Every structure is written in C-alpha cells, then in structure tokens.
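First up is the structure itself, then whatever we jot down about it.
Just so you know, all these numbers are worked out from the coordinates, no wet-lab data involved. What you are looking at is a predicted structure, and each value in this text was computed from that prediction instead of being measured. Because the Cβ atoms are built from the backbone with ideal geometry, glycine has one as well, and the counts that use them run over all protein chains shown.
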Amino acid sequence: MPRNRIYFLLLLYLLPICLYAQNEKRDTVAVEEHKKVITAIGGGIIDLKDELVHTVRDTGRKIRKEVKDFNAIDTTYISPNLYNLAFMLEHSTWYEHYRLGNNNGSQSQKIGFSPTLGTKLGIYFGWRWIFLGYSFDVEDLFGENKNKPKKKEMSLNIYSSKFGIDLYYRKTGSDFKLRSYSGFDLNESYRDMHFDGLQSNIKGLNTYWIFNHRKFSYPAAYSQSTNQRKSAGSFMLGFSYSQHKISFDHNKLPEAMRAQLSTSLLFNKIKYSDYSLGFGYGYNWVFAKNWVSNLSLLPGIGYKKSIIDDKDFKDEHWIKDINFDLITRAGIVYNNAKYFMGAALVLHTYDYRKPNLAVTNSFGTLRIYAGFNFWKRKEYQKR
C-alpha cells in the first residue's frame, strides 16, 4: 500500500479522537468555570446575608438605644417596672353632664341634664404599659338595662414618660334626667324628672408633652408601669381635637317650662369641632412609702367651628369662636412593685359660647382598681 494512503487513513482515524479530546477539555473547562461562578455567587449571597444580618442587628441596637434614651429617667425619683405582665380588676363609674343656657343678662335661663351614673366591672391583662381587657355594665347582669337605650363608651389611654395620648368615643342613650334649672317661674319642682329629649355623641383625642419627664412620672399615677419614689412635678403642653353632636328636643320639657323658654334654646341640633391648645401643670406627691397622689390641670384655649340646625354658624370676628376647655386628672396609688391598688379620675370639660347661647358639657371616668404584676423582666431577675 502506498505510504501516502497509509498516512491519510491514519489521519482519518486520529481526527475524531482529537476532536473528542478537545470537546472533553472544553466541557471540563466549562464545568470548572461554572463551578467558579456558582462558588462566587454563593459566596456573594453569604456575604450579603451576613451583611444584612449585621445591618438588622445594628439597626435594632440603635432603635433600642434611642427608645431607652427617649424614656430615660432619674432613678432617684422614679423606679422602672420590674415585670412584664400584670393582671387587674377594675370598677369604673362614668359621669356626664350638660348645661344649656342663654346669655340674656337678667333674663338668663339655664338647664342642666345628666344621666344616671353608669357602673362597670372590668378584667384586664397588661404588658408593661399596655392594658387590654373587657368591662361590662353591672345592670346588664340583672337585666335592668333591657329596655333602656344603649350607651357606648370607649377609651384608650397611653401614658409614657415623655408624652401621652387619650382616644375616646361616647354616645348617650337618651336616659337623661333634668338635674337643675334657673330663670323659670314654676309652681312645682321638676328636678330629677326623666328627660329623653337629649342625645349626644362625642369623639376625640388628647395629646400632651411632659417637660420634666426624668423626675415626674405620669405612668406612676395612672398606669402603674413605674413607681414615683420622690415628689416631683412638671409643666405640660397639650393639644386636643374633638367632635360634638348634641340633639335637643325642647318639646319634651314640662309644659310650664316650654311656655317660658327663651328663643335661644329653641334649637334642635348643634354640631361643633373643637381644636384646643393647652398648657398646664401636674404634680406627684409621695406622702408615704409606696404611696403617691397626683393632681394635674391642663386648661386650653379652643377654636370651635359650629353648625346649628344644619346651618353654618360663624362669627364675623374669629376671636368670638375662641372658648376655654379643661382636662383634669387626679389619682392616688399604692404600688410596692409587685402589688398595686388605687383610684383615678379623668374629667373633660368643654365650653361652647355664642352671643345668645352657651353649652357646657363635661364627662369623665372614676376608676377603682387592684392587681398584681408577674413574670419579672430578664434584666431584673437577680434582684
């Protein structure tokens, strides 16, 4: 066989082997490169995860530090709460009063209404400074409210070292009584007469800022989340917003009163919104070991925008829409860190005045409570 043919055949035989070897090498290189890419991506994901975890932890530490600094207290005046959870039983009495009148000088008339005091019992569980629970009307247990119009009362109070928030909603049930009156010439007394011609609806919020929060503790007097150890006080700045709706059916008054009723009191509905800015003072008096009493007054200047009988009522001079409001708090507490008991009163007073009409409405709650704390916080478990 000629030598050239042998070389040609040998080349044909070796060519596929060489091509296969090159492809195998390329595949091996591709796999290695793929492994390197996967390893690099995996390493990047791990690095990103570690960085994310570190960022989250660092942010958490910063937030906790900011919260701690925000609620920083002088421990010679205030002791922090040592426990996580609390259980409390409460007896509450709800108060409400309305006074309608005119401004006719010597011929002025005033009529006062208020419902029977509402009494409720409640069971509450608390986490540090937040309490949640359920309360029920005592008369409901005996069916005495079965035929009475239902009332609604809801409130949320948040007390922290620097600021506080009150949210509330109240709706009466047309169960008022005629408590007082003046400016009428009557032959018989109508005091404590049932009057179902008045209805009211109030909702709003109050906020306030405590200046001397390091030494003065509102929570010590009203939420038992701290203990006041030495007497202290503080100035407070507050803002409140509320909406009021009052319906008055004067035709349900006694006939002798209707015949003499001033035209200023012949309205059917009043709606007004109240924007109030207040400045006041509160003081905690530690009069014995583990005992503290509080009194605080937060008077405010309020701007009221009103609608009477579905007609806008606005004075030509805005200064005449300015009235005065007042929020009063008083309380007394015994708290030895483990067990506590006390009483607290929160009273709101709103004053609405126009040239020929004045409406003063006040409402509040008196709470008597007792409870205990449990599950000591980790940082205090060795104490």
Most positive-pole-ward Cα, Ser182, Tyr208, Phe374, against dipole of the stretch 79-380 from beta carbon charges: Phe374
What does the charge add up to near Ser242, with Lys and Arg as +1, Asp and Glu as -1, over the other residues with Cβ less than 13 Å from its Cβ? +2
At 0.36 nm per residue, minus the direct Cα-Cα distance, what do Tyr303 and Leu167 gain on full extension? Give it in nm, one decimal, please. 47.0 nm
Of Lys269/Lys305; Lys230/Lys378; Lys162/Lys230; Lys162/Lys215; Lys230/Lys376; Lys162/Lys271, pairs whose Cα-Cα distance is over 22 Å: Lys230/Lys378; Lys230/Lys376; Lys162/Lys271
Which parts of the stretch 82-105 would a label at Lys252 reach, counting a residue when its backbone N lies under 16 Å from a point 7 Å out along Cα-to-Cβ? 97-100
With labels modelled as points extended 7 Å from the Cα through the Cβ direction, what inter-label distance (nm, one decimal) is found for Met193 paired with Ser273? 3.8
Computed label-point distance, nm, for sites Ser182 and Phe287 using a 7 Å Cα→Cβ extension: 3.2
How far apart, in nm, are two points set 7 Å out from the Cα along the Cα-to-Cβ line at Phe374 and at Thr116? 3.7
